[in-house]
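The values are calculated or read from the model by the stated rules, or taken from the named source; none is laboratory data. Predicted, not measured: the structure shown is a model, and the values here were computed from it. For neighbour counting, all protein chains shown are included, and Cβ atoms are generated from backbone atoms with ideal geometry for every residue, glycine included. Surface areas here come from the heavy atoms of the whole protein model, side chains and all, with no ligands, DNA or RNA. Shrake-Rupley method; radii C 1.70, N 1.55, O 1.52, S 1.80 Å.
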Amino acid sequence: MTPFRYRCTECGRTFARDAVRYLCPDCGPGGPPGEPLRGVLEAVLDETELRRALDARPGDLRAFLPVEPEFHPAYPVGNTPLVAVPGLGAALGFERLLVKNDALEPSGSLKDRASFLVVAEAIRLGEPRVVTASTGNAASALAAVCAATDREAVIFVPKTAPRAKLVQMLVHGARVVPIDGTYDDAFRLSLEYTRERGGLNRNTAYHPLTIEGKKTVALEIFFQLGGRAPDAVVVPVGDGVILAGVWKGFTDLVRCGRLDRLPRLVAVQAEGSAAIHRFVTTGIFRKVDVPDTIADSIAVGVPSNARLARKAIEESGGFSLTVSDEEILEAQGLLARTTGIFAEPSAAAVVAALPRVDEDRLDRGSEIVLLVTGHGLKDVEAPLARLSLPDPVPATLDAVP
Ligand SMILES: [Zn+2]
C-alpha cells in the first residue's frame, strides 16, 4: 500500500485518510435529489512512494491499493484474461480488437474488484456489516466477498433484478431487500439505512474505494500489454463508476510516470438509459425518469458518478454513444459465436457500439480493448428473446434432424 490522501473531485480540498469516509463534506451531503452525487472523492497516492514501490516490485498492483494487504479478503479477484479476438474483429472490420474478460471474476462480474476493496476497508475499520444498493452485480459481488470474510452483506436491489443475480446473493447468505422501485430508489434508501442503522455503505462512487477497486482493471490491461496502454478502451456505462475507475487506473500510471497519456475512453450507454451520454454531448444533466433497457446493469436514471465520467471522457479525448436493445442482443450473439465469450447484455453493449462508430472517430487499425464486465449466465432470459429452444425428439437416431 502507498500512503494517500483523499481529494474532492470538485473543489479540490484534500483530507487525511480517516478524516472523511464518503463524500466531501463541503460539496457532497445534501445535494439535490435526482442529480448525480456531488463531492465524490478520489484517493491521491504519494507519487514518490508509489514509484519506489513499483521499482522494488514491478507489476505488483497492491502498491496502487489504498488498503493494507493484511486486511485484504481471502477472495481472489482480478487477473482476468486479456485476449485478442480476431474473429470478432474481422466480423466488424477492426484489425486489433482485444477483450478484457471480467466475466471471469469469481462472482461473474467486474464488481468483485470494488467489493473486494470496500470489504477490506470494513475489515480495517472493524465494521461487521456492509450495505449496498445495486442493479444486481455489485450486490452479488458484495455477497460473495462478505461470505468469504465473515461480514454481513445488506443489499437493496430493484425487484426487477435478474433472478440469477438474486439467487447468487441469497446463496451467499446476504440479507436481500428487493425494492418496489428503481435502482435509484434503492440507492437513496440504502443511504438512509446506513445513516440511521449503521454499517459501511458500499454504494458505487459514494464510497471512494469503489473507484479504487475498479481501477485495477486498467492497471492489469497496462501490465498485460507489457507496460503500455491501448489506443482506446470501450466501457459499458450505467452510473459511470467503472468508467471513472478505468480513468483512475490509467491516471495513476500517468501520475507516477509509467504512462505518457491516457488511452481514449469510449462510453457506451443503452438508448433507454443515456443520462451520461446526454450530459457529455449537451453539457446539461437531465435524469432519465424510467430507465428502459434489457441491459439491467446499466439501467440507471440518476448516474451517481456522471460528473467524473464526463471528465474521464473529456480528459482522455474519448466520446460517448448509445446503442439499442436490439443491437445489444445481436452483439451478444456475435460475441458469443466468434469468441466463445458469453457476456451479459450490458457487457455486450461494447460490441454493439463498434459498428456505430465512424472511422474518423475510431481508426479501424487502432488497438482497442473491449471491457466485458459481466457473465451471460447472470441473465439467460434476455437472449431467449431472440432464441428458441429446440423441441425435444424421441431418443432414436432416425428422429435426429
Ligand atoms: Zn468538495
For the list (1) open to solvent by 10 Å² or more (accessible area, probe 1.4 Å); (2) touching a residue at least 12 places away in the same chain (Cβ under 8 Å); (3) at negative phi; (4) part of a loop (DSSP other than H, G, I, E, B), I need the number of the one condition that GLY317 fails.
(3)
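Among the residues of segment 1-50 satisfying the criterion of being among the acidic types (Asp, Glu) and out of contact with any Pro (no Cβ under 7 Å at 6 or more places or on another chain), which is surrounded by the most Cβ atoms within 10 Å (Cβ to Cβ)?
Here the residue is GLU10.
Hey, can you tell me all the residues within segment 298-312 that are β-branched (Val, Ile, Thr) and open to solvent by 20 Å² or more (accessible area, probe 1.4 Å)? Before you say what the answer is, go through the steps one by one.
First, the residues of segment 298-312 that are β-branched (Val, Ile, Thr): 298, 300, 302.
If the condition is that a residue be β-branched (Val, Ile, Thr) and open to solvent by 20 Å² or more (accessible area, probe 1.4 Å), then VAL302 is the only one that fits.
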Considering THR204, THR216, THR194, which residue is open to solvent by less than 40 Å² (accessible area, probe 1.4 Å) and under 17 Å from GLY108 (Cα atoms)?
THR216
Looking at (1) free of Cβ contacts under 8 Å to residues at least 60 places away in the same chain; (2) assigned to a loop (DSSP other than H, G, I, E, B); (3) of a type outside the set (A, V, I, L, M, F, W, C), which is the one condition that is false for ARG337?
(2)
Run GLY257 past the list (1) open to solvent by 20 Å² or more (accessible area, probe 1.4 Å); (2) within 17 Å of the chain's Cα centre (by Cα) and report the number of the one that doesn't hold.
(2)
Which of (1) open to solvent by 40 Å² or more (accessible area, probe 1.4 Å); (2) assigned to a helix (DSSP H, G or I) does ALA382 not meet, given it meets every other one?
(1)
Within segment 272-297, the residues that are within 28 Å of ALA43 (Cβ to Cβ), part of a helix (DSSP H, G or I) and open to solvent by 10 Å² or more (accessible area, probe 1.4 Å) are HIS277, PHE279, VAL280, SER297
Quick one: GLU127 ticks every box in (1) surrounded by fewer than 21 Cβ atoms within 10 Å (Cβ to Cβ); (2) assigned to a helix (DSSP H, G or I) bar one, so which box is it?
(2)
For strands (runs of 3 or more DSSP E) lying entirely in segment 1-104, having 2 or more residues that are closer than 27 Å to ARG307 by Cα and either within 16 Å of the ligand (Cβ to nearest atom) or under 25 Å from the mean Cα position of the chain (by Cα) (or both) picks out 4-8, 41-45, 96-101
First in segment 277-299 and hydroxyl-bearing (Ser, Thr, Tyr), second anywhere and assigned to a helix (DSSP H, G or I), Cβ under 6 Å, 6 or more apart:
THR293/ASP325; SER297/ASN137; SER297/SER346
